[in-house]
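Undergrad: Here you go, one structure.
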Amino acid sequence: MEDKPSMVVTTAYRIKRAVISVSLLAFGMSFELLSRSDPRVRDEVQRWPEGWRFRLGVLPEGPAVNMVKQTGRMRCMGMGVERDVDLAVMFKNVDAALLVFLARIGSPTAFAEHRAVAHGSIQQAMQVSRAMDIITLYLFPRIINRRTFKRMPPFQMSQWVNNMKLYLMLGPALVFGALRK
């Protein structure tokens, strides 16, 4: 009779999971909001077929956020590990995800250092990674983004307006996004 090794769940681990859960939800809601307003995110999303689903999360058992393309833009379907997805981008552990969601490293670096894996099309995984970078530009201030990007892309006035709209809409979107299932 084999016993499964039990994992000791510390308070620090619980806090990390909570931070990642909120960060994933913020990412999902930002993706939804920016797929309507930012032309670069729209260009990435247009390449995906209607009804295309992907999950972004942490192995082995979450947290994870689920996204689906509906009517030409992305929609955050809420938290939870959904099995029926076209692409799953999963961080190998909580610490690897925390580095990305606290802007210590960028998503390309996470893939290069094998901190994240993609189950599905590599082409679509690269498109999601590019979209994640665009969303990161909006979510974090430039002083933090300088750490995660080799070259900071120029930010036009329309992007500053989108940035302000995102910050204003993100709070209510997080509340309503947390209620989605």
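The values are calculated or read from the model by the stated rules, or taken from the named source; none is laboratory data. If you're wondering where the values come from, they're calculated on a predicted model, not measured in any experiment. Neighbour counts run over all protein chains shown; Cβ positions are idealised from the backbone, glycine included.
Undergrad: Within the stretch 87-109, track down each residue that is in contact with a Ser or Thr (Cβ under 9 Å, 6 or more places away or on another chain) and either crowded, with 20+ Cβ neighbours inside 10 Å or touching a residue at least 60 places away in the same chain (Cβ under 8 Å) (or both).
TA: LEU87, VAL89, ALA97, LEU98, VAL100, PHE101, LEU102, GLY106, SER107
Undergrad: To continue, here is another question. For the stretch 88-179, which helices (runs of 4 or more DSSP H) that fit wholly inside it have 2 or more residues that are closer than 20 Å to GLY78 by Cα, out of contact with any strand residue (DSSP E or B) (no Cβ under 8 Å at 6 or more places or on another chain) and not β-branched (Val, Ile, Thr)?
TA: Details: elements: 94-101, 107-112, 122-139, 142-148, 157-179.
Ranges flagged: 94-101, 122-139, 157-179.
Undergrad: Which members of the stretch 49-81 meet the condition of being over 19 Å from ALA18 (Cα atoms) and assigned to a loop (DSSP other than H, G, I, E, B)?
TA: The initial filter retains those residues of the stretch 49-81 that are over 19 Å from ALA18 (Cα atoms), namely 49-54, 67-75.
Hits for the stretch 49-81 are PRO49, GLU50, GLY51, TRP52, THR71, GLY72.
Undergrad: So, one more: Among the residues of the stretch 119-126, are any surrounded by fewer than 18 Cβ atoms within 10 Å (Cβ to Cβ), under 16 Å from the mean Cα position of the chain (by Cα) and over 18 Å from ILE20 (Cβ atoms)? Walk me through how you get there before you give the answer.
TA: First pass over the stretch 119-126, keeping only residues surrounded by fewer than 18 Cβ atoms within 10 Å (Cβ to Cβ): 119-123, 126.
Among the residues that remain, those that are also under 16 Å from the mean Cα position of the chain (by Cα) are: 119, 126.
Filter again for over 18 Å from ILE20 (Cβ atoms), leaving 119, 126.
Yes, the stretch 119-126 contains at least one residue that is surrounded by fewer than 18 Cβ atoms within 10 Å (Cβ to Cβ), under 16 Å from the mean Cα position of the chain (by Cα) and over 18 Å from ILE20 (Cβ atoms).
Undergrad: Which one of these is at pLDDT below 90, within 16 Å of the chain's Cα centre (by Cα) and either of a type outside the set (Asp, Glu) or more than 27 Å from PRO172 (Cβ to Cβ) (or both): SER6, SER37, SER107?
TA: On the way: SER6 fails: within 16 Å of the chain's Cα centre (by Cα); SER37 fails: within 16 Å of the chain's Cα centre (by Cα).
Of the residues listed, the single one that is at pLDDT below 90, within 16 Å of the chain's Cα centre (by Cα) and either of a type outside the set (Asp, Glu) or more than 27 Å from PRO172 (Cβ to Cβ) (or both) is SER107.
Undergrad: Right, here's the next one. Quick test for you: out of VAL45, VAL22, pick the one residue that is touching a residue at least 24 places away in the same chain (Cβ under 8 Å), out of contact with any strand residue (DSSP E or B) (no Cβ under 9 Å at 6 or more places or on another chain) and either within 14 Å of ILE135 (Cβ to Cβ) or not in a loop (DSSP other than H, G, I, E, B) (or both). Steps first, answer last, please.
TA: Working: VAL45 fails: out of contact with any strand residue (DSSP E or B) (no Cβ under 9 Å at 6 or more places or on another chain).
Of the residues listed, the single one that is touching a residue at least 24 places away in the same chain (Cβ under 8 Å), out of contact with any strand residue (DSSP E or B) (no Cβ under 9 Å at 6 or more places or on another chain) and either within 14 Å of ILE135 (Cβ to Cβ) or not in a loop (DSSP other than H, G, I, E, B) (or both) is VAL22.
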